[in-house]
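Input: a single structure, listed below in structure tokens.
The values are calculated or read from the model by the stated rules, or taken from the named source; none is laboratory data. Being a predicted model, the structure only gives us computed values, none of them experimental. Cβ sites come from the backbone with ideal geometry, for glycine too, and all protein chains shown count toward neighbours. These area figures cover heavy atoms from the full protein model, side chains too; ligands, DNA and RNA do not enter into them. Shrake-Rupley method; radii C 1.70, N 1.55, O 1.52, S 1.80 Å.
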Amino acid sequence: MDIIVLLPKGHCTKIQELQMTTVLRENVHVFGVEGNSDELDEPIKAVFADVAFVKKHNLMSLNSINWSRVLVQMAHHFFAYFQCAPSLDMDPLPRVEVVVPTGAAGNLAAGCLAQKMGLPVRLVVAVNRNDIIHRTVQQGDFSLSEAVEQTLASAMDIQVPYNMERIFWLLSGSNSQVTRALMEQFERTHSVSLPKELHSKSKVPETGWLINNRHLSPTVPDARSLRPRCQHGWVLTRATFVEVADRQGLVVSSHDGETFS
């Protein structure tokens, strides 16, 4: 098996770049690519749309373009629920709030699937300044901004959350025609106003955040001081820090009302 890694040059931290470029295995091939994460996704999606090419070369993607990645993340939601629920002997089962820092919305799609399967979780979505998901939920505005903004949470620096297609399909009652029409319009114009009924299903007035660098910056140096307060002394990624730092009172919430329920 050969592993091909595409690294968006200049859009990762130095540590992340070293993690990917210092693997010395002969079957690992790392390429630095000009452009942001959205631009990097385009050729990958094009390759996997060519079914004959994929079958000929036995290709598989490990990001959430691959449906199996979303299925694994769905299992994570169930596992987290069983760890967090105060009791499984209650009827109805207690609801657990899950905060999902997100960029391409893969883990969010997994959470929505878990909800459809009956898991009693409330999904709260955390984004950074690349806030297309926030605008979609709050205003029904599924449209690109002028450019991707680079932030300290680089994994969330995405303007094309391609897993929203899966979420639209779920919220529309598995209506493939509606979903296809929305996504084809988005491909043509980079802007879609959600139908009123679909928007109402995605918008529930709960808590959500938009985290800016000015909120995140002071918290990053505090990782070691926050670490003892984590039950198991976990090391946190920046995306996860968005959630934990808010819970510890280190980040000020600046948006309201972003959730799927």
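Per residue, how much accessible surface does the range 97-151 expose to a 1.4 Å probe? Answer in Å², no decimals.
Numbers: 1740 Å² over 55 residues.
Ligands and nucleic acids excluded, the result is 32 Å² per residue.
Here the peptides 165-178, 100-113 are ranked by packing, the mean other Cβ count within 10 Å, and the order with the highest first is 100-113, 165-178. Of all DSSP bridge pairs formed entirely within the range 89-209, close to 30 percent run antiparallel.
3J(HN,Hα) couplings calculated from phi for the range 46-58 with the Karplus curve 6.51 cos²θ - 1.76 cosθ + 1.60 (θ = phi - 60°) are, in sequence order, 5, 4, 6, 7, 8, 4, 4, 5, 4, 5, 4, 9, 6 Hz; Gly and Pro show x. Per residue, the range 47-96 exposes 74 Å² of accessible surface when a 1.4 Å probe is rolled over the protein heavy atoms with every protein chain present. Applying the criteria of a DSSP loop state and at most 13 other Cβ atoms within 10 Å to the trypsin sites (Lys or Arg not before Pro) of the range 45-137 yields ARG95.
In the structure shown, the pairs LYS9/LYS116; LYS14/LYS55; LYS9/LYS45 are assessed against 30 Å; a Cα-Cα span above that value is assigned to LYS9/LYS116; LYS14/LYS55. Just so you know, the Cα atoms of the range 1-77 work out to an Rg and Dmax of 13.9, 37 Å.
Applying the criteria of a DSSP loop state and at most 10 other Cβ atoms within 10 Å to the GluC sites (Glu not before Pro) of the range 1-108 yields GLU26, GLU34.
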